[in-house]
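Notes to accompany the following structure.
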Amino acid sequence: MSRHIAVLMGGLSAERPVSLRSGEACAKALEGEGFRVTRVDVGHDAAQVLAELQPDVAFNALHGRFGEDGVIQGVLELLRIPYTHSGVLASSVAMQKEVAKTVMAAAGVPVPKGRVVRRLEAAKSHVLPTPYVLKPVSEGSSFGVFIVREGQEHPPQELTRSDWRHGDLMLAEEFIAGRELTCAVMGDRALGVIEIVAADGGWYDYEAKYAAGGSKHILPANVKPNIYQKVQELALEAHSALGCRGVSRADFRYDDRPDGSGQLVVLEVNTQPGMTETSLVPEMAAHAGFSFGELVRWMVEDASCDR
């Protein structure tokens, strides 16, 4: 009898639409690999639904709060259902950007300088010298992220909106000019390095990430071999420092301008990277010789509980 896989998708976060796309892509690929698949749109009754289903493995295709921050992982631990990606602690730490930076920095992984500020404080006056970046401490997919440019007189006033839904704490970081690089880790192996170039020449925002043609992915990234190798090494070090397992993806900025510093920093580690048709991890896996079906099969076979 084929193994029963519950693909967890949708959820309650702002990243619900992306998760539905990731989940459906993974569910179809798993069915193509011969698994029996149940699609689970995760809500407040997730524990009851999963207890009744009792799948052999939960494939976690959730993004954002409740799916990527250790919450659903804790439910799965209680139910003793093996699941893909990182466990409770690593998921929680990686989702809290300022905590993740502290852990990575302690392990020798270079990260941008910055500090945590209240949202309304950040809206009143500049909290760092321009240019700088403001981002919610526990959000993904570039929701609520602002680049405050040099010469910009006021901070972004969108922070004062009454319908703001990305939390009250913001991470203010120095802006690192240069190139956007990313590298996935699959178990104990770093995959290829991609350079991401937004189609409109801007930054890698939500539209650039998920709209067809929103960005160009250069694989392998056209950087010097020592930089390429260093990115892979740092992706592995960050993955290990945070206690990740399965698949993760580390995002970087590299300042290679002629008058730049040559600075290479890890911006964050994604413990639940996107798995849509425009996502980066499937592209890196394909470059390493894994079809999409082989990638999701590996993830299922790697699934476990932390306890």
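Some observations on this one:
- The value of relative contact order for the chain, using C-alpha pairs under 8 Å at least six residues apart, is 21 percent.
- GNM top mover of 162, 138, 22 - the chain, alpha-carbon springs below 10 Å: 162
- Integer Hz, Karplus 6.51/-1.76/1.60 couplings in order for segment 4-19, x for Gly and Pro: 9, 10, 8, 8, 8, 8, x, x, 10, 8, 5, 8, 3, x, 5, 4
- Carbon/sulfur fraction of accessible area - the chain, other protein chains in place, 1.4 Å, %: 51 percent
- For segment 227-271 versus segment 1-69, the inter-centroid distance based on Cα atoms is 28 Å.
- Karplus 3J(HN,Hα) series, Hz, for segment 257-269 with 6.51 cos²θ - 1.76 cosθ + 1.60 (x for Gly, Pro): 4, x, 9, x, 9, x, 5, 10, 10, 8, 7, 6, 10
- For the chain, the longest principal axis of the alpha carbon atoms and the long axis of helix 292-302 meet at an angle near 80°.
- Applying a threshold of 29 Å to the alpha-carbon distances of 28/97; 135/230; 28/230; 101/230; 101/224 flags 28/97; 28/230 as lying beyond it.
- Karplus-based coupling profile of segment 23-35, in residue order and whole Hz: x, 5, 4, 5, 4, 5, 5, 5, 4, x, 8, x, 7, with θ = phi - 60° in 6.51 cos²θ - 1.76 cosθ + 1.60 and x standing for Gly or Pro.
- Solvent exposure of the chain, expressed per residue, is 43 Å² of accessible area, with all protein chains present and a 1.4 angstrom probe.
- Using the alpha-carbon positions of the chain, Rg (one decimal) and Dmax (whole number) come out as 19.0, 64 Å.
- Residue with peak Gaussian network fluctuation, the chain [Cα springs, cutoff 10 Å], from 107, 122, 172: 107
The values are calculated or read from the model by the stated rules, or taken from the named source; none is laboratory data. If you're wondering where the values come from, they're calculated on a predicted model, not measured in any experiment. For accessibility, only protein heavy atoms count, side chains too; no ligands or nucleic acids. Shrake-Rupley method; radii C 1.70, N 1.55, O 1.52, S 1.80 Å.
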